[in-house]
Amino acid sequence: MGNSLFSVLCLSFLFWGICYSLSDHERDRIKNLPGQPTDVGFAQYSGYVTVNQQAGRALFYWLVEAPASRRAESRPLVLWLNGGPGCSSIAYGASEELGPFRIRSDGKNLYLNPYAWNTLANLLFLESPAGVGFSYSNTTSDLYNVGDQKTAEDAYTFLVEWFERFPQYKYRDFYIAGESYAGHYVPQLSQLVYERNKGIKNPVINFKGFLVGNAVTDDYHDYIGTFEYWWTHGLISDSTYKLLGLACDFGSSQHPSNYCIEALTLANKEQGHIDLYSIFTPTCNITSSPNRNLRGHYPWMSRAYDPCTERYSEVYYNRPEVQKALHANVSGVISYPWKTCSKIVYDNWGDSPLSMLPIYRELIAAGLRIWVFSGDTDGVVPLTATRRSIDALKLPTITNWYPWYDNGKVGGWSQIYKGLTLVTVTGAGHEVPLHRPRQAFILFRSFLENKPMPS
């Protein structure tokens with residue numbers, strides 16, 4: 001019955017040439033994820049898009065649409081990218097930050113995220129580049145030959161092919177978002193989309209702007225701001241602070257010199273056993289359940305926060321029934337376990353430009369919407385690094401630094417520049433939607449509406 005109905009639909013739509021597209025994306029529909037709550041009210045799709053036929057390189061995606069009750073068909077599409085380089089957007093963005101589900105500590109069951117961003121937009125999570133998560137290549141050398149440019153080109157090819165598979169998203173308002181080393185991925189992909197849209201009156205990829213959080217932006221200013229943060233927060237000694245400034249001056253953060261590595265190793269030793277991604281929250285203790293024991297001692301910390309959360313995703317996404325439901329690794333082409341981050345990809349990362357600021361200048365001049373946000377308890381890509389990088393753009397200020405509010409309480413601060421908006425989120429670490437889900441939701445809503453943070 002289903003096939004005959006589809007045949008009728010194919011004949012009906014043959015004139016429009018979209019029969020194949022309908023078939024293709026319907027094959028990617030997720031019927032039900034193991035452990036998923038019932039009646040979620042939104043559609044999900046996942047699968048592979050081949051970005052290089054000859055190499056057998058394919059990227060894995062997961063689309064979570066807005067609920068039907070919130071008119072998914074009229075809401076924008078947002079691509080989310082995590083960084084690393086080599087870390088999975090399924091592991092982080094989808095499963096512990098802005099996605100619709102969180103994974104319980106048993107690694108088997110899911111529960112709803114009350115501040116999921118798909119209530120505001122249709123979310124497209126991409127595991128990129130090949131070798132990360134479920135994304136793969138049949139050419140082994142691809143995993144050892146990675147870098148910024150190839151990642152951006154493959155992501156662009158993915159988008160072009162994906163929009164053919166999902167023609168209902170053509171011409172829809174489209175944004176790119178991400179965090180951490182996606183501070184490179186997001187502007188680089190944005191630049192490719194913008195430049196390849198030039199001269200097209202009504203582009204299929206209707207790109208409107210980008211949003212990045214705790215983003216690697218400019219190595220020189222990021223280094224200065226990071227060392228400054230460590231010192232002012234009492235994480236390193238005076239002597240090490242001075243040494244870092246000398247050893248890592250003008251260097252590459254992705255490919256530091258041996259002298260810089262020695263100084264960073266000394267700083268790491270002085271910092272001790274802390275979670276540098278969230279300097280005031282407890283670390284994950286694998287021998288106990290730290291969130292149950294310690295949560296009450298941190299009343300300012302979101303009750304949703306669990307420092308062991310990424311461990312649950314490694315259990316969940318390695319379950320055969322989960323992979324089957326996601327249409328992931330269907331032919332058993334991936335011989336290794338799914339991991340939150342790929343060490344091979346990270347260790348072999350090649351080209352990594354020192355600065356994204358030239359791209360910022362180009363896209364600001366083009367009039368695209370650009371928002372940058374920062375959790376202020378992140379010690380990896382801290383607020384001081386972000387502020388120094390933005391300051392280097394020398395943009396005129398439209399609205400000076402001001403506190404924004406959530407239910408009468410300060411949620412952070414913001415400054416609006418000509419062509420760029422900066423937002424801080426107080427008490428949030430590197431993964432802002434994980435530590436401050438409600439405030440991150442308000443931030444995302446303000447970005448989509450292009451309205452200042454509530455004051």
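The values are calculated or read from the model by the stated rules, or taken from the named source; none is laboratory data. Computed from a prediction, not measured in an experiment: that's the story for all the values here. Using ideal geometry, Cβ is built from the backbone for each residue, glycine included, and neighbour counts are taken over all protein chains shown.
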Checked the stretch 321-333 for anything crowded, with 17+ Cβ neighbours inside 10 Å and part of a loop (DSSP other than H, G, I, E, B); matches are HIS327, ALA328, ASN329
Note on the stretch 438-455: residues closer than 24 Å to LYS208 by Cα and surrounded by 15 or more Cβ atoms within 10 Å (Cβ to Cβ) are GLN439, ALA440, PHE441, ILE442, LEU443, PHE444, ARG445, SER446, PHE447, LEU448, PRO452, MET453
Can you tell me how many residues within the stretch 24-82 are surrounded by 15 or more Cβ atoms within 10 Å (Cβ to Cβ) and hydroxyl-bearing (Ser, Thr, Tyr)? 4
Out of all the residues in the stretch 92-122, which are within 14 Å of SER46 (Cβ to Cβ) and in a loop (DSSP other than H, G, I, E, B)? GLY99, PRO100
Could you tell me which of the residues ALA247, ALA182 is over 25 Å from THR421 (Cα atoms) and hydrophobic (A, V, I, L, M, F, W, C)? ALA247
Matching residues in the stretch 329-362 - criterion: being of a type in the set (Gly, Ala, Ser) and over 30 Å from VAL216 (Cα atoms): SER331, GLY332, SER335
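Tell me, which strands (runs of 3 or more DSSP E) wholly within the stretch 338-455 include 3 or more residues that are of a type in the set (Phe, Trp, Tyr)? Let's see the steps before the verdict.
Values: elements: 369-375, 397-406, 409-417, 420-425.
Those strands (runs of 3 or more DSSP E) span 397-406.
Residue-by-condition table, conditions (1) at pLDDT below 95; (2) aliphatic (A, V, I, L, M); (3) over 18 Å from the mean Cα position of the chain (by Cα):
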site	(1), (2), (3)
SER313	yes, no, no
VAL322	no, yes, yes
THR340	yes, no, no
PHE373	no, no, no
THR386	no, no, no
ALA392	no, yes, yes
The condition from (1) more than 17 Å from ALA215 (Cα to Cα); (2) crowded, with 18+ Cβ neighbours inside 10 Å; (3) not hydroxyl-bearing (Ser, Thr, Tyr) that PHE373 misses is numbered (1)
From the residues in the stretch 180-218 that are hydroxyl-bearing (Ser, Thr, Tyr) and over 19 Å from VAL132 (Cβ atoms), which one is surrounded by the fewest Cβ atoms within 10 Å (Cβ to Cβ)? TYR194
The condition from (1) under 30 Å from ALA365 (Cα atoms); (2) acidic (Asp, Glu); (3) in contact (Cβ under 8 Å) with a residue 60 or more places away in the chain that GLU195 misses is numbered (3)
Exactly one of LEU211, LEU192 is within 21 Å of the chain's Cα centre (by Cα) and part of a strand (DSSP E or B), and that one is LEU211
Looking only at the stretch 400-414, decide whether some residue is surrounded by fewer than 21 Cβ atoms within 10 Å (Cβ to Cβ), over 30 Å from THR281 (Cα atoms) and touching a strand residue (DSSP E or B) at 6+ places or on another chain (Cβ under 8 Å). yes
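I'd like the residue in the stretch 227-265 that is among the polar types (S, T, N, Q) and modelled with pLDDT of 95 or more and, out of all such residues, is surrounded by the most Cβ atoms within 10 Å (Cβ to Cβ). Outline the logic, then answer.
The first filter runs over the stretch 227-265 and keeps only residues among the polar types (S, T, N, Q), leaving 232, 237, 239-240, 252-254, 257-258, 265.
Still in the list and also modelled with pLDDT of 95 or more: 232, 237, 239-240.
Details: THR232: 12, SER237: 14, SER239: 10, THR240: 21.
Across the stretch 227-265, the extreme among qualifying residues is THR240.
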Any residue in the stretch 217-230 that's farther than 15 Å from GLY375 by Cα and among the aliphatic types (A, V, I, L, M): show its pairings with residues that are at pLDDT 95 or above and in a helix (DSSP H, G or I) at Cβ separation under 6 Å, as long as the two are six or more apart or on different chains. ILE224/ARG388
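Any residue at all in the stretch 302-319 that's in a loop (DSSP other than H, G, I, E, B) and free of Cβ contacts under 8 Å to residues at least 12 places away in the same chain?
First pass over the stretch 302-319, keeping only residues in a loop (DSSP other than H, G, I, E, B): 302-308, 317-319.
Applying the additional criterion that residues be free of Cβ contacts under 8 Å to residues at least 12 places away in the same chain yields 303.
Yes, because at least one residue in the stretch 302-319 is in a loop (DSSP other than H, G, I, E, B) and free of Cβ contacts under 8 Å to residues at least 12 places away in the same chain.
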Residues located in the stretch 101-117, provided they are surrounded by 24 or more Cβ atoms within 10 Å (Cβ to Cβ) and either touching a Ser or Thr at 6+ places or on another chain (Cβ under 7 Å) or closer than 21 Å to HIS327 by Cα (or both): ILE103
If you check every pair at least six apart or on different chains, which have Cβ atoms under 6 Å apart with a residue in the stretch 328-353 that is touching a residue at least 40 places away in the same chain (Cβ under 8 Å) and within 22 Å of VAL186 (Cα to Cα) first and a residue that is surrounded by 17 or more Cβ atoms within 10 Å (Cβ to Cβ) and of a type in the set (Ser, Thr, Tyr) second? THR340/SER88
Residue by residue through the stretch 123-179, note down the ones that are buried (at least 17 other Cβ atoms within 10 Å of the Cβ), assigned to a helix (DSSP H, G or I) and within 19 Å of the chain's Cα centre (by Cα). ASP148, LYS150, THR151, ALA152, ASP154, ALA155, TYR156, THR157, PHE158, LEU159, TRP162
